[in-house]
Amino acid sequence: MKKDNLLFAAWAVSFIAVLGSLYFSEVMKYEPCELCWYQRIFMYPIMFILALAVIKKDQTAAKYSLMLSAIGGSISLYHYSIQKLDFLADRAPACGRVPCTGTYINFLNFITIPFLAFTAFAIIFFASLLILKRKDSV
């Protein structure tokens with residue numbers, strides 16, 4: 001896959017993730033917990049950075065999406081872990097009005113909002129990594 005296609009794919013994933021988060025909060029009226037807000041803090045800039053990168057065909061922006069997706073993905077993985085692992089949930093810090101251990105959705109007993117966010121961050125991370133590792137200039 002060409003670098004430009006990988007860049008576009010990473011942007012598309014970030015765009016879908018942002019639309020998904022807005023759908024859950026604005027349409028479904030699910031109030032985000034504190035960890036959800038942190039994940040948004042890392043996902044939203046990725047969408048704008050990669051949009052500009054796609055327009056300018058600037059693959060060096062993958063450095064920024066790589067770092068932001070690594071941090072955001074780590075937060076998502078932690079959030080998912082405290083939702084699904086009882087021994088972590090018991091020790092989870094209080095997150096505010098909405099508990100971070102709560103689940104608004106639980107498809108197939110494992111797909112939650114933090115799982116969806118982690119999946120998006122992981123795809124963006126690996127696409128960014130491939131862009132940076134590829135030697136071709138296309």
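The values are calculated or read from the model by the stated rules, or taken from the named source; none is laboratory data. Keep in mind that this is a model prediction, so the values were computed, not measured. Cβ: placed from backbone, ideal geometry, glycine included. Neighbour counts: every protein chain shown.
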Is it fair to say Ile41 is within 19 Å of the chain's Cα centre (by Cα), at pLDDT below 95 and of a type in the set (Val, Ile, Thr)?
-> no
Considering only helices (runs of 4 or more DSSP H) wholly within the range 1-84, the ones with at least 2 residues that are of a type in the set (Gly, Ala, Ser), touching a residue at least 40 places away in the same chain (Cβ under 8 Å) and under 20 Å from Ile113 (Cβ atoms) are 3-22, 62-84
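Every residue in the range 85-138 that is assigned to a helix (DSSP H, G or I) and at pLDDT below 90, please. Spell out how you get there, then give the answer.
First, pick out the residues of the range 85-138 that are assigned to a helix (DSSP H, G or I): 86-89, 113-133.
Residues satisfying the conditions are Asp86, Phe87, Leu88, Ala89.
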